[in-house]
Amino acid sequence: MGVAVDLRTTVGSVDLAAPVMTASGTAGHGDELAAYVDLSTIGAVVVKSLGSTPWAGNPAPRVHPTPSGMINSVGLQGPGVAAWREHELPAVLATGATVVASIWGRHVEDFGAAAEQLAGVDERVVAVEVNLSCPNLDGGAHLFAHDPDATAAALRAASAAGLPMWAKLSSNTDRVVQIAAAAQAAGAEAVTVANTLMGMVIDVDARRPLLGGGGGGVSGPAIHPMAVRTVYDVHAALPDLPIVGVGGVVDGRSAVELLLAGASAVQVGTASFADPRSVRLVLEGVETWCSRAGVSRVRDLIGGAHG
Ligand code: RRO
């Protein structure tokens, strides 16, 4: 018998019932996972990034398996914030979920326009994750999170939502600490570390990039050590900045790794494509690991790998 485990955690000003949530883009815009996971028991449902207008996304194929993971170039398909609030949000709220909205933009003012449409949203939408790191927007040409000034400008625009902001960063840069600091200075309460890593698969028979969008974002266990390293480095440099860790979480141990590296909570993404119960299974795995290890409060793990 192990100890009882208090799973609650906080990310900045946001209290969460549990340290495991969905990763944006991997659980749809609404209640798609509700048949497999009691969404009221997880930390939050983070919806796929929404723009200020509907967006069709990239040509197929959009996803492809890779060694220990997958690559995607979905290209930000979505209904836009206003339609999401009207048609998708009610269903996810009806599940009892805590919701984190995610917004994207091609230009700074697009972040402002999307954020304005979030203002006054239901109080169960507890934060906005500002996606500064989509690798599939014009082939990566608009990767705000590769530049501290662009990161800060987008976040200042996104503050129009009036919600706690989590800045979703990229580990495709050697400046991630500098960019995390810029995000914090611009008003982000937390950083989500990190998005997919830029990659490409070539169809050797066609002698062309396989995905319709050309390159894409690599995710899954293949990138887990990079996520751990990036979270570790950001926490070491900025110990007061809350981090949401994401990248290749598949079970309790891989989630605990990110917590020990410095994350206050983790997100599960690619694993849900293989098994839609994954978010629940990871949460149960964290609880079991803590119980056996004699950890009675999951938040005591945060940053525990730092000397
Ligand atoms: O939609 C996408 O292609 C996408 C996004 Br917005 C993102 O942030 N990360 C990713 O791997 N794909």
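The values are calculated or read from the model by the stated rules, or taken from the named source; none is laboratory data. As the structure is a computational prediction, the values presented were derived from the model and not from experiment. All Cβ positions, even for glycine, are placed from backbone atoms using ideal geometry, and neighbour counts span all protein chains on display. Just so you know, the surface numbers come from the protein's heavy atoms only, side chains and all, with ligands and any DNA or RNA stripped out. Shrake-Rupley method; radii C 1.70, N 1.55, O 1.52, S 1.80 Å.
Could you report the chain's accessible area per residue, 1.4 Å probe, as an integer in Å²? Numbers along the way, then the final one.
Values: 12190 Å² over 307 residues.
Accessible area per residue, the chain: 40 Å².
Each label point is 7 Å from the Cα along the Cα-to-Cβ direction; what then is the distance between the points at Ile202 and Ser13, in nm?
According to this spin-label approximation, the distance is 5.1 nm.
Does the stretch 146-281 come out rounded, prolate or oblate, given a ≥ b ≥ c as the square roots of the eigenvalues of its C-alpha gyration tensor, rounded meaning a/c under 1.5 and, failing that, prolate meaning a/b above b/c? Could the numbers behind the result be given before it?
Numbers: a/c = 1.87, a/b = 1.30, b/c = 1.44.
Judged from the Cα gyration tensor, the stretch 146-281 comes out oblate (a/c at least 1.5, b/c at or above a/b).
Once R0 is set to 41 Å, what does the formula 1/(1 + (r/R0)^6) return for the Cβ-Cβ distance between Thr53 and Arg277, expressed as a FRET efficiency to the nearest 0.05?
Values: r = 34 Å, r/R0 = 0.83.
My answer for the efficiency is 0.75.
Pairwise over distinct Cα atoms, reciprocal of the mean inverse distance: report the Kirkwood radius of the chain in Å, one decimal place. Could the numbers behind the result be given before it?
Numbers: mean 1/r = 0.0529 Å⁻¹.
By the Kirkwood definition, the hydrodynamic radius is 18.9 Å.
When only C-alpha pairs under 8 Å and at least 6 residues apart count, what is the relative contact order of the chain, in percent? Please list the in-between numbers first.
Numbers: 788 pairs, mean separation 67.0, N = 307.
Dividing the mean separation by the residue count of the chain yields 22 percent.
Roll a 1.4 angstrom probe over the protein heavy atoms and tell me the percent of accessible area of the stretch 57-103 that is carbon or sulfur. Show your work: numbers first, answer last.
On the way: 1090 of 1880 Å².
Carbon-and-sulfur percentage of accessible area, whole number: 58.
Relative contact order (percent) for the stretch 248-307, with alpha-carbon contacts under 8 angstrom and 6 or more residues of separation? Could you put the intermediate results ahead of the total?
Working: 73 pairs, mean separation 28.8, N = 60.
So the answer I get is 48 percent.
Where in the stretch 205-229 does the label zone of Ala141 land, with the point 7 angstrom along Cα→C-beta and an amide N cut-off under 16 Å?
213-216
Given the Cα-Cα distance of Gln178 and Thr41 and 0.36 nm per residue of separation, how much length would full extension add, in nm?
Going from the current span to full extension adds 45.8 nm.
List the trypsin sites (Lys or Arg not before Pro) within the stretch 121-221 that fall in a DSSP loop (any state other than H, G, I, E or B) and whose Cβ has at most 14 other Cβ atoms within 10 Å. Working shown, then result.
Numbers: sites: Arg124, Arg156, Lys168, Arg175, Arg207; in loops: Arg124, Arg175, Arg207.
Loop-located and lightly packed - Arg124, Arg207.
Calculate the radius of gyration of the Cα atoms of the stretch 117-170 to one decimal place, then report Dmax, the largest Cα-Cα distance, as a whole number, both in Å.
Answer for the stretch 117-170, Rg first and Dmax second: 12.0, 35 Å.
Using θ = phi - 60° and the Karplus form 6.51 cos²θ - 1.76 cosθ + 1.60, what ³J(HN,Hα) does each residue of the stretch 286-303 get, whole Hz, x for Gly and Pro?
Working through the residues one at a time gives 5, 4, 5, 4, 4, 4, 5, 7, x, 8, 8, 9, 4, 5, 6, 7, 4, x Hz.
In nm, what is the difference between 0.36 nm times the number of residues separating Asp6 and His87 and their Cα-Cα distance?
Values: separation 81, 0.36 × 81 = 29.16 nm, distance 3.47 nm.
Between Asp6 and His87, full extension yields an extra 25.7 nm.
Which value, in Å² rounded to 10, gives the accessible area of Ile42 with a 1.4 Å probe and all protein chains present?
0 Å²
Can you work out ³J(HN,Hα) from phi for every residue in the stretch 121-127, in order, using Karplus 6.51 cos²θ - 1.76 cosθ + 1.60 and θ = phi - 60°, giving whole Hz and x for Gly and Pro?
5, 3, 5, 7, 8, 8, 7
Calculate the dipole size of the stretch 113-217 relative to its Cα centre from +1 charges on Lys and Arg beta carbons and -1 charges on Asp and Glu beta carbons; express the result in debye to the nearest 20. Walk me through the numbers on the way to the answer.
Working: 6 positive and 11 negative charges, 33 e Å.
Magnitude of the dipole: close to 160 debye.
Would you mind checking which residues have amide H under 5 Å from Trp55's amide H? H placed 1.01 Å from N; only 5 or more apart, or other chain.
Residues meeting the criterion, in which the H sits 1.01 Å from N, are Gly78, Gly80.
Output ³J(HN,Hα) for the stretch 148-156: one whole-Hz value per residue in order, computed from phi by the Karplus curve 6.51 cos²θ - 1.76 cosθ + 1.60 with θ = phi - 60°, and x for Gly and Pro.
x, 5, 5, 4, 5, 5, 5, 5, 4
In whole percent, what relative contact order does the stretch 201-250 give with Cα contacts below 8 Å and a gap of six or more residues?
Working: 36 pairs, mean separation 18.2, N = 50.
This gives 36 percent for the stretch 201-250.
Would you grab the residues whose amide H sits under 5 Å from the one on Thr192? Only those 5+ places off in sequence or on another chain, please, with H modelled 1.01 Å from N.
Amide H neighbours of Thr192: Ala167, Lys168, Leu169, Val244.
Looking at the chain, send over the antiparallel percent of its DSSP beta bridges, to the nearest 5. If you can, show how the numbers build up before the last one.
Values: 17 of 42 bridges.
Percent antiparallel among DSSP bridges in the chain is about 40.
Rounded to a whole number, what % of the accessible area of the stretch 192-234 do carbon and sulfur atoms account for, probe 1.4 Å?
Working: 1170 of 2030 Å².
Accessible surface attributable to carbon and sulfur in the stretch 192-234 totals 58 percent.
Using amide H atoms built 1.01 Å from N in the peptide plane, name the residues 5+ places from Val63, or on other chains, whose amide H lies under 5 Å from its own.
Result for Val63 returns Ser73.
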